[in-house]
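Report on the following structure.
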Amino acid sequence: MAETEERYQRYMDAIRRRVCSVCLDQRDDGACGLTGRTCAIEAHLPQIVEAVIAIKSDRMEDYVAAIQAQVCSRCASAAGPHCELRDRAECSLDAYLSLVIDAVEELRESSG
Ligand code: SF4
Ligand code: SF4
């Protein structure tokens, strides 16, 4: 596995521990139970990691703005500034954003 892939895999592992473990779509065997679409966290992991890493703020709005600019803007589920999945609380990235941030920042800090 290439170094970059390994790095993102470590972030995905941290997200699985922090986010998937409480996600209502996780199956009993720990795998993602979504059918018919890929979770936005898996689909956009590199952009999510880089967006979160670039921010050091106590304000959640700063992270939300970065995710909307760097992830939602490229997401196939978005229709301009709107997103039906977000409106229906069916996007795990949006629903669990604070936990995603915790997972990324925890790994960033432990990696130095
Ligand atoms: S929907 Fe996303 S957050 Fe939920 S279990 Fe699947 S990959 Fe994890
Ligand atoms: S909120 Fe919508 S546009 Fe943004 S990542 Fe989730 S599904 Fe995609």
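Any read-out appearing in this document is the output of simple, stated calculations on the displayed coordinates, not a laboratory observation. Not measured: the values here are computed from a predicted model. Backbone-built Cβ (ideal geometry, glycine too); neighbour counts: all protein chains shown.
Exactly one residue out of ILE53, ILE48, ILE101 is in contact with a Lys or Arg (Cβ under 8 Å, 6 or more places away or on another chain), without any contact (Cβ under 8 Å) to a residue 60 or more places away in the chain and among the β-branched types (Val, Ile, Thr), and it is ILE53.
Kindly provide the set of residues from the stretch 49-106 that are under 20 Å from ALA14 (Cα atoms) and either polar (S, T, N, Q) or touching an Asp or Glu at 6+ places or on another chain (Cβ under 6 Å) (or both), ordered by number. Result: ILE55, SER92, SER98.
When restricted to residues that are in contact (Cβ under 8 Å) with a residue 12 or more places away in the chain and within 16 Å of ligand 2 (Cβ to nearest atom), the stretch 12-27 contains 6.
Does the stretch 33-49 contain any residue that is among the small types (Gly, Ala, Ser) and either touching a strand residue (DSSP E or B) at 6+ places or on another chain (Cβ under 6 Å) or near ligand 1 (Cβ under 9 Å from one of its atoms) (or both)?
yes
When every residue of the stretch 62-71 is checked against the conditions, at least one turns out to be within 11 Å of the chain's Cα centre (by Cα), closer than 21 Å to LEU107 by Cβ and not in a loop (DSSP other than H, G, I, E, B).
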